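Down below is the structure, laid out as C-alpha cells.
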Amino acid sequence: MNTTSSMGQEIVRKLTEIVYANLEEENFGVDSLAIQAGMSRYFINRYVKSELNKTTTQFIRELRLYKAMEMLQAEMATAAEISYKVGFNSPTYFNSCFHQYFGFPPGEVRKRISLDRELIQGDRKENPESDSDFSYSDDYLVEKQNFFSRKNFIVLASVFAVFLCLSFFWYFLFFKDATMSDLPHLKQEDKTLVVLPFKNLSDNPQSQYFTEGMMEDILNQLFKIKELKVLSRTSGDVYRNGTVSASEISHKLGVNFILEGSIQQHDNKVRVIVQLIDARRDRHIWSEKYDREFADIFMIQSSIAKQIADQLEAALTTHELEQINQIPTKNMEAYNLYLQGRFNFMEMSQTGLKKSITCFEMAIAADPNYALAYLGLAEAYYFRAWWGFSLGTSDYLKAKAYVRTALDLEPKMAEAHATNGAILWRNDWNWKEAQQELILALELNPNSSRAHQNYSEYLDIMGNNGQARLHINIALKLDPISSVSYLLSGRYYYHEGKFAESLECYRKAEQLNGIQVKTSMGCLANFYWLNDSSGVLMTVRDILSNTLQNKDQVSAIEFSKRSEINSLLRFLISMEQQTEEPHLVALAKWFVMAGKNFEALHLLTKAFQSHSPELAEINNDLDFLSLRQEARYKQIIKQMGLVQLNTEIPSLKR
C-alpha cells in the first residue's frame, strides 16, 4: 500500500465520520465540513473531485441518502421523519433526491423487501421437494430469505449501503490507475463563464420578473468569485431564444462554460433546474434540481454559486464565502417587490424607471434595512438624471442619499461603491473620493463591467488615456456586446486622435443597440477631423431624420447646397438652439468646431453655473483643444477641481 493511498484512506474516513456526526444538521455543507476537518474548502473540493470524480456536495448528499436507506430498511421511522434525521429540511425534497438516486421513492423500500419475501415463500410452495430432506429452523429460514432477497440488486445495494459507500471510496484510493490522480486542472484563464437567460416554466407568464430576477441574482453571486471571469447579463441576453449552439456561443463570446436553467413557481414552491455546460466540447458537466420553499430562495442561489466554483476549481476566500452566504432580506414580500423593481429598471426607459422607483420604495417599506432596495432607488434616480429624463440635480442628490444608506447597511457592496463613485465625479466633482470609491468597487468585484466603465470615464476626464483604454477594454471583455462600452471606447479613441478606430466602435454600438443619435454625433466629429465632407453630409442626414418631428423636412432641405462642413455645423447649431432645453455642452462643441470660440466659452460658463454633469468631459475632449489656452476655459477647469491638460496632438491639422 503506497503512502498516497494510505493518506487518502484516512482523509475519506475522516470526512465520512464528520458527515455522519452532523447528519441531522440541515445547514451542514462544504463550509462546515472544511472547518471541522481543519482543511481548506479548496483542498477538500480539489481532493474529492480528483479522487472520487464528484463534488463535495454530492459526496455529503450521497452519504445522507445511504444512511437514510439503512434507516428505512431497519424500519426506524417514517420516511418523513428520516428525512429530517439525515439533514433534509423538506420531506418533499428528500423524496425527490432519494428517488433520483436509487430509482424508487423511500416509501417503497419496505414494499420491495416484503415483495422479495413473498416471492421466496411462493417459490418454496411451488417446489416443496427442494426442502423435503431438511428441517429448517426459524433462524435458518430468515437467513435463507435474506439471502434470496439479495438477488434483487437494489435491495442488495440498500442492505450494504454504508459498506458499499466506503468500499467505493477505498476502491478509488487503492485500486484505480495511478494516473487518474493527476487529472488536468483548469488554468485561471480557462475559468470563463456566461449565464444565459433562464426559462420561465411557470403557468403565469407575468412571473417572468421572478425568473429574470433569480437569474440576475445567481449571476451576481458568481460575480463575487474573483477566480471566475463571468460575463455581464447583456452578453447572455442575446442568446435568449436558444437557437445558437454552445460551441458557437463559446466562440463568439470567448467563454469556455455556459450556465443555463429554468424556474417554475407555484404558490409558495419553487423549482430551479440548472446545468453547467463545457461549451468547448458541447457537453454537460454538472446539473442540479432544487425543489424548495420560496423562503429557501437565497440558499439555492448561494448553493449554485458554490457548486459552480467547485466544478471550475475556483478557490473561495473567506470574504467571498461571507458574501455568497449572506441573506439580503428575511422579508420575502420585500424581495418579491425588489425583483419587480429590477425588472422594470431593465427596460431602460423613462416609464420603466418610474415604475422601478415605486417598487423599490415599497420594498423598503416592507424591510427598512434592505440594502439592495436602497441601491435600486439610487441607481434609478442616477440613470434618470444621467439620461436626461429629469432636471438632474435633484435626482442626483436623491441618488447620493440612497446609495449612502445602502453602504451604511452593507459597506462591502461593490455596485453601490461604483454608483457612488460615478455620482461623486459626475455631480459633485469630488475627484479624490470618486477615485477611491471606484477603485474599491473594482477590488470588491473585478467582474463588474459597469465598475470598469465608470472608472474608465473618470480616467478619461483626467487625461489618463492609457488607463482609460485598459479599463474599457476589460469592460468589453466582460460584456462583449455592450453598446455603452463601445460608445465609450469610440469616445476614447477619438480623444487620442484615432478616428478610424473610433468610427468602428460607434458603428458597432449602433449595430448592437440602435443608438443612432449618439453614434451619429460621434461619427460626425470623426468625419469633421478627417475633413470628410461626404461623411459629414451623410451623418447630418441621419441625425436630422432621427430628431426632426416632421420627417418630410429632411427631404425638403437641399443638402447638396450645404456641402461645406462649416455650413452644416451652423445648421446643426440653429436646430439645437430652437429646442426647449438646449444641450449646452454639445452646443458649445458645435460652436468650437465652427470656429466660434467666444460663443462656445459663453455656453460653457452657463453649463458651469447650472452644474451640468457632462461639463467635466471637456477636460480631455479633442473638440475643445483650441480653448485650452483661453483664460475663461482654464478658470472653469480650475473651479471644477481638475488639472489643466496641455497635451497637444500635432498631427491634427485641418
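Summary table
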item: Unmet criterion (only one of (1) part of a helix (DSSP H, G or I); (2) surrounded by fewer than 23 Cβ atoms within 10 Å (Cβ to Cβ); (3) out of contact with any helix residue (DSSP H, G or I) (no Cβ under 7 Å at 6 or more places or on another chain); (4) of a type outside the set (Lys, Arg)) for Gln323; result: (2)
item: Single condition His266 does not satisfy, out of (1) surrounded by 17 or more Cβ atoms within 10 Å (Cβ to Cβ); (2) in contact (Cβ under 8 Å) with a residue 60 or more places away in the chain; result: (1)
item: Arg280, sole failed condition from (1) over 30 Å from Asn331 (Cβ atoms); (2) in a strand (DSSP E or B); (3) modelled with pLDDT under 90; (4) not small (Gly, Ala, Ser); result: (2)
item: Number of the condition not met by Arg233 [criteria: (1) within 30 Å of Asn95 (Cα to Cα); (2) modelled with pLDDT under 90; (3) touching a Leu at 6+ places or on another chain (Cβ under 7 Å); (4) not small (Gly, Ala, Ser)]; result: (1)
item: Exclusive hit being surrounded by fewer than 24 Cβ atoms within 10 Å (Cβ to Cβ), aliphatic (A, V, I, L, M) and more than 24 Å from Lys229 (Cβ to Cβ), set Leu459, Leu409, Leu377; result: Leu409
item: Where a residue in region 301-312 is of a type in the set (Gly, Ala, Ser) and its partner, wherever it lies, is in a helix (DSSP H, G or I), with Cβ under 6 Å and at least six apart; result: Ser302/Ile324; Ser302/Asn325; Ala305/Gln221; Ala305/Leu222; Ala305/Ile324
item: Residue count for region 189-245, restricted to those that are among the polar types (S, T, N, Q) and assigned to a loop (DSSP other than H, G, I, E, B); result: 6
item: Meets criteria (at positive phi, among the aromatic types (Phe, Trp, Tyr) and not assigned by TED's automatic domain parsing to the domain that holds Leu584) for Trp429; result: yes
item: Members of region 200-251 found to be within 20 Å of Leu337 (Cβ to Cβ) and small (Gly, Ala, Ser), listed by number; result: Ser202, Ser207, Gly213
item: Number of the exception - Glu347 against (1) under 30 Å from Lys54 (Cα atoms); (2) of a type in the set (D, E, K, R); (3) not in a helix (DSSP H, G or I); result: (1)
item: Qualifying positions in region 574-595 - surrounded by 18 or more Cβ atoms within 10 Å (Cβ to Cβ) and in a loop (DSSP other than H, G, I, E, B); result: Ala594
item: Test: residue in region 44-55 that is modelled with pLDDT under 75, of a type outside the set (Val, Ile, Thr), out of contact with any Lys or Arg (no Cβ under 9 Å at 6 or more places or on another chain) and surrounded by fewer than 14 Cβ atoms within 10 Å (Cβ to Cβ); result: yes
item: Count - residues of region 450-485 that are of a type in the set (A, V, I, L, M, F, W, C), touching a residue at least 40 places away in the same chain (Cβ under 8 Å), under 20 Å from Arg426 (Cβ atoms) and in a helix (DSSP H, G or I); result: 1
item: When residues of region 493-533 are limited to those that are of a type in the set (D, E, K, R), modelled with pLDDT under 85 and under 31 Å from the mean Cα position of the chain (by Cα), the one surrounded by the most Cβ atoms within 10 Å (Cβ to Cβ); result: Glu510
item: Number of the condition not met by Lys111 [criteria: (1) over 32 Å from the mean Cα position of the chain (by Cα); (2) in a helix (DSSP H, G or I); (3) surrounded by fewer than 17 Cβ atoms within 10 Å (Cβ to Cβ); (4) modelled with pLDDT of 80 or more]; result: (4)
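Residue by residue, here is whether (1) touching a Lys or Arg at 6+ places or on another chain (Cβ under 6 Å); (2) over 23 Å from Ser96 (Cα atoms) holds:
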residue: Val244; (1), (2): no, yes
residue: Ile258; (1), (2): no, yes
residue: Ser262; (1), (2): yes, no
residue: His284; (1), (2): no, no
residue: Arg292; (1), (2): no, no
residue: Asp296; (1), (2): no, no
residue: Ser303; (1), (2): no, no
residue: Pro328; (1), (2): no, yes
residue: Met332; (1), (2): no, yes
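The values are calculated or read from the model by the stated rules, or taken from the named source; none is laboratory data. All figures in this text were calculated on a predicted structure; none of them were measured in a lab. FYI the Cβ positions are ideal-geometry reconstructions off the backbone, even for glycines, and counts take in every protein chain you see.
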